[in-house]
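Encoded as structure tokens, the structure appears first; notes follow it.
Read the figures in this text as sums done on the coordinates, not as results from a lab. None of the values given here were measured: they were computed from a predicted structure. Glycine gets a Cβ as well: all are built from the backbone with ideal geometry, and neighbour counts include every protein chain shown.
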Amino acid sequence: MMNPASHLTSNRSRQPEHDPRRDRTAHKIRSLFISTLSHGLIIFVGMFFAVPFLWMLLTSFKSDKDVFHTPPRWLPHDAVRVEINGEEYPIYNVKTEDGVKQYAALKIESGVAYFVDPAYPDVVIPTKLQQGTERVAELVEEVSFRWQNFPDAMNRGSRPGVGASFWVYFRNSLVIAFFMIVGTLVSNTPVAYAFARLKFPGRDVLFVIVLATMMLPFQVTMIPVYLLFNDTLGWGDTFLPLIIPAFFANAWDVFLLRQFFRTIPEEMCDAARVDGASEWQIFTQIVLPISTPVLATITVFTFLYAWNDFTGPLLFLNSPRNFTMALGLQDFQGQNIIIWNQLMAAATVFTLPIIVAFFFAQKTFIQGIKLTGSKE
Amino acid sequence: MENSTERKLFGFKLPPKTVWTKRAKSDLRTGLLFLSPWLIGFLAFTLYPMVVSFYYSFTIYHSKRAPEWVGLQNYANLFADDKFWISLNNTLYMVAIAVPLGLFASFVCALLLNLKVRGQAFYRVIYFLPSIVPTVAGTILFLWLLNPQVGLVNTVLAKVGIDGPNWMADPNWSKPALILLGMWGMGGTIIIYLSGLQDVPQSLIEAAELDGANWFQRLWHITIPMVSPITLFNLITGMIGMFQYFAQAYVVGGGDSLGRPLNSTLFYSVYLYQNAFLYLKMGYASAMAWILFIIILILTLLLLKVSDRFTYYSG
């Protein structure tokens with residue numbers, strides 16, 4: 001059906017008499033135009049989001065040389081190689097007197113290439129590559145994804161030879177994230193339940209304090225907390241300073257959980273109370289089991305936070321064998337020579353678990369973001 | 001004593017005075033038991049460190065030696081410290097430009113993603129994905145994209161005849177480069193705006209349409225006021241986050257030359273970190289932290305106060 005309002009505004013001035021068929025065509029053209037324009041705009045802006053992401057993926061599949069190819073190409077390319085006597089050699093298009101031939105280059109030394117025709121591997125043809133202004137040989141390339149970058153980067157680590165690799169960083173990140181998730185779930189749920197459902201003197205004042213701590217910049221508590229963990233407790237260069245605080249609740253998760261717990265019908269808990277259940281029983285046997293969606297949200301967001309965290313590991317972890325992915329990647333980038341394809345491969349591996357988590361729990365992600373963004 | 005009048009503290013309504021019956025005592029015990037993880041954490045990791053860092057801010061403290069009381073010396077030194085002002089300036093630049101620009105761009109993106117076209121679910125994923133790329137990975141990716149010689153951006157610019165800037169290597173372009181990086185990862189804000197747009201009652205828009213309001217008038221008089229609480233929320237969280245901007249700048253600085261080029265990426269939190277953990281001036285850094293806290297507090301209250309007039313709350 002046509003929208004009567006748009007019909008009026010669009011056609012009233014130009015067409016005094018109404019021809020229904022022309023109206024319909026005009027409307028069709030107009031909506032096609034709007035739809036094309038919308039798609040065009042969305043895709044144009046979307047390039048800003050998609051291109052960097054694709055560039056990270058594509059760079060991680062390029063060979064060392066291809067990374068610096070000018071002008072840059074989208075797809076990874078590599079030399080076409082041919083096997084001669086058990087060794088692989090790159091193929092060149094070589095201009096000869098008999099036209100362009102495909103020769104394999106055995107070696108290239110000071111501007112002279114030693115070519116062989118793969119059909120007659122015993123006849124070496126030394127050729128000057130630059131003859132006058134003309135370059136006589138061009139490397140033959142094909143689209144080729146260099147998967148080897150991934151094991152190369154992962155086995156390498158940020159500083160080769162110190163016994164730590166990105167595999168180690170990956171495991172460290174996983175271990176820290178796992179314990180932070182456990183701590184966050186265990187500690188925040190009872191606190192949020194108390195703020196949402198229990199009635200006791202001082203509750204509301206304490207909740208205002210919880211909200212107020214959200215505004216407190218981390219830098220204010222950073223130094224004493226650092227000294228407490230590092231000097232007093234001697235936990236420097238261990239995971240404990242990152243994991244232990246997760247077991248003591250935090251304002252954001254308390255707030256998020258409380259919002260959810262408040263939506264649980266009070267009657268359910270009251271019925272259990274009449275039957276003589278204690279608050280702890282109501283919490284563990286009624287409230288927690290029906291809270292799985294919000295617990296999933298907390299899990300995903302804690303994982304995201306732990307996986308992404310840079311400042312915490314930077315403060316407390318010193319030796320490479322204890323690095324997390326974030327720290328290792330920064331360390332890798334901070335080296336004098338930057339190996340971009342391997343760096344991008346490591347960055348891709350770093351990003352992958354989050355992307356996988358996103359596609360498995362898309363609803364949970366979006367729900368969590370909306371919850372954190374919603375006003376009380 | 002004053003049971004009849006409402007008790008107030010700083011404008012907050014206080015609950016009525018507690019009568020300490022047996023029931024109240026037992027309720028309190030249960031409540032505190034449930035709260036104990038937060039209570040202990042608050043005392044150990046928030047309140048105690050706050051008190052201590054406030055004390056440190058009046059001392060000279062080089063981690064290994066005992067703190068030495070110097071009164072307001074640290075604060076006086078800070079106000080005379082050029083790098084303090086540089087770092088504050090850099091941070092205010094980001095707060096004043098990056099935060100509003102990011103909000104505006106997020107809102108525009110949310111409008112695009114709210115259009116009734118096919119394939120929106122796919123487009124939304126594309127816009128959102130960069131925001132979950134880890135900060136360090138995203139920053140390194142942008143160092144690569146914006147590489148002055150071989151980066152994708154400058155080679156594409158060169159193709160259309162534009163001589164691209166040196167981005168992260170140029171003190172005038174390093175902050176715009178970081179702003180681009182920030183906008184690439186604004187998917188979370190876009191989603192928040194998008195859910196706000198979807199909550200705008202369709203009836204309001206249709207009524208305005210019938211009254212002959214065009215697209216822009218509907219946007220200006222209905223949509224923008226309806227999402228103003230979200231704008232305020234994003235503005236405040238964005239501002240607080242920007243004052244603590246650290247990881248991206250640390251990665252750009254490569255760790256050992258923080259603030260490069262020419263202190264243009266020496267943000268407040270970076271200089272604070274440098275003082276605390278590289279120069280081991282813990283007292284000085286604590287003073288910086290408290291100044292930061294006070295700035296954030298004042299700006300937040302100011303924003304809340306000013307926004308009263310511009311923010312629309314339904315129901």
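Using alpha carbons only, how many angstrom separate the centre of region A:298-321 from the centre of region A:116-187?
26
Which value in Å is the Kirkwood Rh of the protein assembly as shown over different Cα pairs?
Values: mean 1/r = 0.0340 Å⁻¹.
Taking every pair of different Cα atoms in the protein assembly as shown, averaging 1/r and inverting gives 29.4 Å.
Using a Gaussian network for chain A with springs between C-alpha atoms less than 10 Å apart, which of these wobbles most: A:Lys101, A:Lys28, A:Lys128?
In this elastic network of chain A, the residue with the biggest mean-square fluctuation among A:Lys101, A:Lys28, A:Lys128 is A:Lys28.
Let a ≥ b ≥ c be the square roots of the eigenvalues of the Cα gyration tensor of region B:76-307; is it rounded (a/c under 1.5), or, if not, prolate (a/b larger than b/c) or oblate? The partial results should precede the final answer.
Numbers: a/c = 2.57, a/b = 1.46, b/c = 1.76.
Oblate shape, in that a/c is at least 1.5 and b/c is the bigger or equal ratio.
Pick from A:His27, A:His77, A:His69 the residue whose mean-square fluctuation is largest in a GNM of chain A, springs joining Cα atoms under 10 Å.
Looking only at A:His27, A:His77, A:His69, the biggest GNM fluctuation is shown by A:His27.
Taking the Cα centre of chain B as the origin, how large is its charge dipole in debye, to the nearest 20, when only Lys and Arg (+1) and Asp and Glu (-1) carry charge on their Cβ atoms?
Details: 21 positive and 14 negative charges, 191 e Å.
Here chain B has a charge dipole of around 920 debye.
Please report the projected area of region A:153-373's Cα convex hull averaged over all directions, in nm². Let's see the in-between values first.
Numbers: hull surface 58.6 nm².
Averaging across all directions leaves 14.6 nm² for the Cα convex hull.
Angle between the Cα long axis of helix A:203-213 and the longest principal axis of chain A, 0 to 90 degrees, nearest 10?
The helix A:203-213 is inclined about 20 degrees to chain A.
When the helices in chain B are scored as -39500 (n - 2.57) per DSSP H run of 4 or longer and the sum is shared across all residues, what 222 nm value do you end up with, to the nearest 500 deg cm²/dmol?
-18000 deg cm²/dmol
Determine the shielding of peptide B:42-52 by partner chains: average, over its residues, the number of Cβ atoms on other chains within 10 angstrom of each Cβ. Could the numbers behind the result be given before it?
Working: counts 8, 1, 5, 11, 10, 3, 4, 10, 5, 1, 6.
Counting other chains' Cβ atoms within 10 Å and averaging over B:42-52 gives 6.
Of A:Lys65/A:Lys95; B:Lys83/B:Lys281; A:Lys65/B:Lys175; A:Lys62/A:Lys107; A:Lys199/B:Lys22, which ones are farther than 20 Å apart at the Cα?
Details: A:Lys65/A:Lys95 23 Å; B:Lys83/B:Lys281 14 Å; A:Lys65/B:Lys175 31 Å; A:Lys62/A:Lys107 22 Å; A:Lys199/B:Lys22 14 Å.
Result: A:Lys65/A:Lys95; A:Lys65/B:Lys175; A:Lys62/A:Lys107 exceed 20 Å.
Hey, if you drop one equal point scatterer on each alpha-carbon of region B:99-201 and run the Debye formula without solvent, what base-10 log of I(q)/I(0) do you get at q = 0.11, 0.20 Å⁻¹?
Taking Cα atoms of region B:99-201 as identical point scatterers yields -0.42, -1.03.
Taking +1 at the Cβ of each Lys and Arg and -1 at the Cβ of each Asp and Glu, which of A:Pro90, A:Pro224, A:Val136 sits farthest along the dipole of chain A towards its positive end, judged by Cα position relative to the Cα centre?
Going by the charge dipole, the pick is A:Pro224.
If a/c stays under 1.5 just call it rounded; otherwise compare a/b with b/c (prolate if a/b is bigger, oblate if not). Do that for chain A, with a ≥ b ≥ c from the square roots of the Cα gyration tensor eigenvalues.
On the way: a/c = 3.29, a/b = 1.41, b/c = 2.33.
Because a/c hits 1.5 or more and a/b fails to exceed b/c, chain A counts as oblate.
Taking neighbour Cβ counts within 10 Å as the exposure measure, how do B:Phe293, B:Phe243, A:Phe323 sort from fewest upward?
Details: B:Phe293 19, B:Phe243 22, A:Phe323 26.
With the sparsest Cβ surroundings first, the list reads B:Phe293, B:Phe243, A:Phe323.
If the only charges are +1 at each Lys and Arg Cβ and -1 at each Asp and Glu Cβ, what is the size of the charge dipole of chain A around the Cα centre, to the nearest 20 debye?
Working: 30 positive and 31 negative charges, 294 e Å.
In debye, rounded to 20, chain A gives about 1420.
Which residue, A:Phe178, B:Val150, A:Thr297, has the largest displacement toward the positive end of the dipole of the protein assembly as shown when charges sit on each Cβ (Lys, Arg +1; Asp, Glu -1)?
Selected residue: A:Thr297.
Treat every Asp and Glu Cβ in the protein assembly as shown as -1 and every Lys and Arg Cβ as +1, leave all other atoms uncharged, and give the resulting dipole magnitude about the Cα centre to the nearest 20 debye.
Values: 51 positive and 45 negative charges, 395 e Å.
So the magnitude is around 1900 debye.
Can you give the angle from 0 to 90° between the axis of helix A:218-227 and the longest principal axis of chain A, with both taken from C-alpha atoms, to the nearest 10?
90
Report the longest stretch of chain B that contains none of the trypsin sites (Lys or Arg not before Pro) sitting in a DSSP loop with at most 12 other Cβ atoms within 10 Å.
On the way: sites that count: B:Arg7, B:Lys17, B:Lys64, B:Arg65, B:Lys116, B:Arg118, B:Arg309.
Segment B:119-308 is the longest.
Divide by every residue of chain A the summed helix terms, -39500 (n - 2.57) for each DSSP H run of at least 4, and state the resulting mean residue ellipticity at 222 nm, rounded to the nearest 500 deg cm²/dmol. List each step's numbers first, then the result.
Details: 15 runs with 202 residues, N = 376.
For chain A, the value works out to -17000 deg cm²/dmol.
Of the residues B:Gly185, B:Gly164, B:Gly212, which exhibits the maximal mean-square fluctuation in a Gaussian network model of chain B defined by a 10 Å Cα contact cut-off?
Highest fluctuation of the listed residues: B:Gly212.
In degrees between 0 and 90, to the nearest 10, how far off the longest principal axis of chain A does helix A:292-308 point, with axes built from Cα atoms?
The angle comes out near 50 degrees.
Among B:Ala80, B:Tyr273, A:Ala345, which residue has its Cα furthest toward the positive end of the charge dipole of the protein assembly as shown, with +1 on Lys/Arg Cβ and -1 on Asp/Glu Cβ?
The Cα lying farthest towards the positive end belongs to B:Ala80.
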